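The values are calculated or read from the model by the stated rules, or taken from the named source; none is laboratory data. Just so it is clear, the structure is predicted and the values come from calculations on it, not from any experiment. Ideal geometry is used to build each Cβ from the backbone, glycine not excepted, and the neighbour counts take in all protein chains shown.
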Amino acid sequence: MRVLLLGGTGEARELARLLVADGIEVISSLAGRTTAARRPAGELRVGGFGGVAGLITWLQTNPVDVVVDATHPFATQITTNATAATAHLNLPFLILNRPAWTPEDATTPPPAPPAWTPEDATTPPPAPPTWTSDTTALSTRLPDTPAPPTCPPGDTSAPPTWYWVDSPAAAAELLPRVGSRVFLTIGRQGLDAFATTGLWTLARCVDPPEPPPTWCQLLLARGPFSESTELELLQRHRIDVLVTKNSGGPATAPKLSAARQLHIPVIIIRRPPLPDGPNVVTSPAEALTWLKVSGYSEQATRQARDAPHRSASQAPAGTPAAHWPPASDPPHPPPRASGPS
């Protein structure tokens, strides 16, 4: 089996490693927008295809048995193009779409209680500290939205405060009603939507935007990030609102836990919907299983459909001429599994 893997994510690199380890030929394709990208296992190509027509031409020139899209959940253009190109060529197509974040991803386990000592039986407990949240003004700025819970920093017993929007522009419009010191973690694409908010903004990107923005402070960094470093960053810059895309995955999730510990509200841009039709899995292990079961089955189905155009000499190795072409197509693969939206 030969697989074209549309990559650029940690999940794509893991799947490439699994495929190579299993003896499956894989060609990873990277868009080339990120400098010093981590190289996956197997063969590598870099650069765009030139739209749907370009991808069709490439697939005709470089035949593969299956196409797997393991790009970023917000890389909608390549997903749309790959869906159209594989449908045109009747090629099996699989989307590896990592699970989206949920409020549970912002949960930090509480610290273990201190060890009990005999003095605990005789010493009265200290009075609880008094603490006043400065987030009450949020209920005035957003009268239709519940105010964040009033609790001391580090207390994660209350649910995180998340505001869902559908685009960077919608997030920028909401921002002035939520906070005044912004930590922007949406990558370099879409930054321009926040240029006119008038708010102090720290924007974190892997690569610098072109041209460099003058309206924000730029922080170039590549995940994964730890919760402790995210906490330090939020406190050092006195961040009071976090903006992010619902990218999912563990590499950048610690910022959600850090924001929850500090009771910082989060504005989250929803994922775009996946196209109808393709099979969807949520992990590299699931993708490998699908490729080894459904992928082979679909390859056999395609070969059987081509049978009327083949002579007996073109039969697969080991197939008696009397048994080729087959009397009927092999069974179709199981129905596609639904992935997160």
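Which ones in the stretch 57-82 are in a helix (DSSP H, G or I), more than 18 Å from the chain's Cα centre (by Cα) and buried (at least 20 other Cβ atoms within 10 Å of the Cβ)? Quick ask: steps written out before the conclusion?
Step one: filter the stretch 57-82 for residues in a helix (DSSP H, G or I), giving 57-61, 76-82.
From what's left, more than 18 Å from the chain's Cα centre (by Cα): 57-61, 81.
The answer is N81, and nothing else.
Residues are listed down the side, and each one gets a yes or a no for (1) touching a His at 6+ places or on another chain (Cβ under 8 Å); (2) closer than 15 Å to I239 by Cα; (3) free of Cβ contacts under 8 Å to residues at least 60 places away in the same chain:
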position	(1), (2), (3)
Y163	no, no, no
S167	no, no, no
T185	no, yes, no
R188	no, no, yes
A193	no, no, yes
T197	no, no, yes
T201	no, yes, yes
C205	no, no, yes
P211	no, no, yes
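Kindly provide the set of residues from the stretch 165-195 that are assigned to a strand (DSSP E or B) and either touching a helix residue (DSSP H, G or I) at 6+ places or on another chain (Cβ under 7 Å) or modelled with pLDDT under 95 (or both), ordered by number.
V165, V182, F183, L184, T185
Residues being more than 15 Å from the chain's Cα centre (by Cα), modelled with pLDDT under 95 and in a helix (DSSP H, G or I): count how many of those fall in the stretch 88-109.
Going through the stretch 88-109 one residue at a time, the tally reaches 3.
Mind checking which residues of the stretch 13-56 are of a type in the set (G, A, S), at pLDDT below 95, more than 13 Å from I78 (Cα to Cα) and surrounded by 14 or more Cβ atoms within 10 Å (Cβ to Cβ)?
A37, A41, G42
Among (1) closer than 16 Å to A203 by Cα; (2) at pLDDT 95 or above; (3) out of contact with any Gly (no Cβ under 8 Å at 6 or more places or on another chain); (4) of a type in the set (A, V, I, L, M), where does A221 come up short?
A221 satisfies all of (1) closer than 16 Å to A203 by Cα; (2) at pLDDT 95 or above; (3) out of contact with any Gly (no Cβ under 8 Å at 6 or more places or on another chain); (4) of a type in the set (A, V, I, L, M) except (2).
Table: residues versus (1) loosely packed, with under 15 Cβ neighbours inside 10 Å; (2) at pLDDT 90 or above; (3) of a type in the set (F, W, Y); (4) closer than 28 Å to I95 by Cα.
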{"site": "Q235", "(1), (2), (3), (4)": "yes, yes, no, no"}
{"site": "I269", "(1), (2), (3), (4)": "no, yes, no, yes"}
{"site": "L291", "(1), (2), (3), (4)": "no, yes, no, yes"}
{"site": "Q303", "(1), (2), (3), (4)": "no, no, no, yes"}
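Quick test of your reading of the structure: G198 fulfils all but one of (1) closer than 23 Å to P103 by Cβ; (2) small (G, A, S); (3) assigned to a loop (DSSP other than H, G, I, E, B). Name the failing condition by number.
For G198, the failing item is (1).
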